[in-house]
Each structure stands twice: as C-alpha cells, then as structure tokens.
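Quick notes on the structure that follows.
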Amino acid sequence: MDLKGRVREIDSRVQAACNRSNRKREDVEIIAVTKYVSLKTAKDAVEIGCKHIGENRWPDSEEKVNALSAKAQMHFIGHLQSKKVKHIVGRFPYVHSLDRMSLAEEIEKQAILKDRYMNCLIQVNVSGEESKYGISPDELFKFAENLLQFKHINVIGLMTMAPFEEDPEKTRPVFRELRKLRDYLNEKQIFDHKISHLSMGMSNDFEIAIEEGATFIRLGSKLVGKE
Ligand SMILES: *Cc1c(COP(=O)(O)O)cnc(C)c1O
C-alpha cells in the first residue's frame, strides 16, 4: 500500500476506535513519526494532510523541521538531553518527554532567552520497565508541583510508552493508568488549568490507546513506513 492508502486506512481504524469508545474523532490527533523516513516522504505526508509531525532526535531532525514547520506542528517525542534543549525550544512547539527537573530547568532557561512558552507533556514510566525513561507514578504528583515554579513551561498532559506486546490488548492497563494519573492531577488542581492531553499509543497498540483516552497517538512504521 502507498502512503496515501496507509493514511486512509489508519484514519478509518482511528474512526472505528473512536466509535467503539464513544469519543469524538476530532479529540484524537495523529502524530506522523517521520524518524524512519526521508525528507521527501515526510514532505509527502504533510502534503497528504498530516498536520502533526513527530521526531525524536537532534540534529537528525533539523532539515525536516526547517522544511515542514510552516505547514505542520512539530513534536519532539524522544529522550531529550539538556544540552540539546537550546535547539528544540523555538523549533518544536511540543515536547513529549519532560522527565526530570534538570530538563525542566533548561527548558525554562531557553524559553526565557527565546521569549517563548513551551508546551510540555510529562513522560511517565507507567510500566516500570527499567529500559524506559519517565517519572515513576509515585513521584508524579511532587514532580508536577515542582514544575509550577517554571513560568514558561505550559504542562498540557502526560505521555507514556507501553511495553511492546504481541497482543496489544495487554497494553490496556498501562494506558488506563496514565488516564487515571491525569485525572488525579486535575482533581487535585495542581495546575491552574486542566491538563487534557494523553500522548499514548504507537503503531502496534494505538486502537487500545484511543479506547483508553489517547488524545495524541504517535505513529511511525504503520503510517509513514520505514525506509
Ligand atoms: C519511534 C517512536 C514512535 C513510533 O513508533 P512506531 O511503533 O513505529 O509507530 C512513537 N513514539 C516514540 C516516543 C518513538 O520514539
């Protein structure tokens, strides 16, 4: 299947998952993760109508950011080293991988220098796998409170990566837990606004993630492919 065909197929699966869970289609945004493909394919994806583009490395993503930012929203979804933050702030309006205080401090510093506000999602290691980055659920509340001191960081939600499972149904508890954590933060009114976003679900498990409340799904291999 070509790119257009895959985009159409994924879209109908997203729609079906929304229907199953009584959700509105417009509440789920697809982030096309272009890290495995050429600039040309990434451009094609935007031409076809992908409005959100995800990348996980700097400087590997530089030419895509330069070419695509006028037409798509750029999301930084990978582990972010503090020394790279100066390149990300001002280029990527969203960072999905805020996972430690030292990173928050650097984002704040660069955001002040560039006179920007950064939309951030807190990455949570729900599954507890050692190989995964993210704040542990036990520490999330305190971490979120500590972020209040950073006036240029706009926390908009939570992000997680589920373990890869042959049977995607097995990821459901991870997604459900992330939603509960978001609802808990809202209930406790940690932030002066409600946080609405849940960035969860990848090529293998996005339908389960939608059923559990995902607002951003991050799709690489199944959507734009691998080259
Ligand atoms: C690569 C990547 C994805 C997309 O992975 P696929 O399984 O190819 O859809 C999603 N999220 C993050 C953080 C990634 O690094």
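Nothing in this text is a laboratory measurement; each read-out follows from the coordinates by a stated rule. The shown structure was predicted, so the numbers you read here are calculated from the model rather than taken from an experiment. Counting neighbours? That spans all protein chains shown, and the Cβs are built from the backbone with ideal geometry, glycine included.
List the relative contact order of the chain as a percent without decimals, with contacts defined as Cα pairs under 8 Å and 6+ residues apart.
23
Could you list the square roots of 5 times each eigenvalue of the Cα gyration tensor of the stretch 1-44, that is, the equivalent ellipsoid semi-axes, sorted largest first and rounded to whole Å?
Listed largest to smallest, the semi-axes of the stretch 1-44 are 25, 12, 7 Å.
Once R0 is set to 45 Å, what does the formula 1/(1 + (r/R0)^6) return for the Cβ-Cβ distance between Lys170 and Leu113, expressed as a FRET efficiency to the nearest 0.05?
Computed FRET efficiency for Lys170 and Leu113 comes out at 0.55.
Provide Cys18, Cys50 in ascending order of the number of other Cβ atoms located within 10 Å of each residue's Cβ, fewest first.
Cys18, Cys50
From the C-alpha gyration tensor of the stretch 144-227, pull out the three semi-axes of the equivalent ellipsoid (sqrt of 5λ each), sorted largest to smallest, in whole Å.
27, 15, 9
Using a Förster distance of 35 Å, how high is the FRET efficiency between Glu63 and Glu130, based on the Cβ-Cβ distance and rounded to 0.05?
Plugging the Cβ-Cβ distance into 1/(1 + (r/R0)^6) gives 0.55.
Helix-derived [θ] at 222 nm for the chain: sum -39500 (n - 2.57) over DSSP H runs of at least 4, divide by residue count, nearest 500?
-11500 deg cm²/dmol
Give Lys51/Lys114; Lys71/Lys132; Lys86/Lys180; Lys4/Lys40; Lys132/Lys170 a once-over and call out the pairs whose C-alpha atoms are over 21 Å from each other.
Beyond 21 Å: Lys51/Lys114; Lys71/Lys132; Lys86/Lys180.
Give the order of Glu145, Glu106 when sorted by the count of other beta carbons within 10 angstrom, beginning with the fewest.
Glu145, Glu106
Where Rh is the Kirkwood radius over the Cα pairs of the stretch 3-224, the temperature 4 °C and the viscosity 1.567 mPa s, what D in µm²/s does Stokes-Einstein return?
My calculation gives 74 µm²/s for D.
For Asp183 and Gln81, compute 0.36 nm times the residue count separating them, minus their Cα-Cα distance, and round to one decimal in nm.
Value of the extension gain: 33.9 nm.
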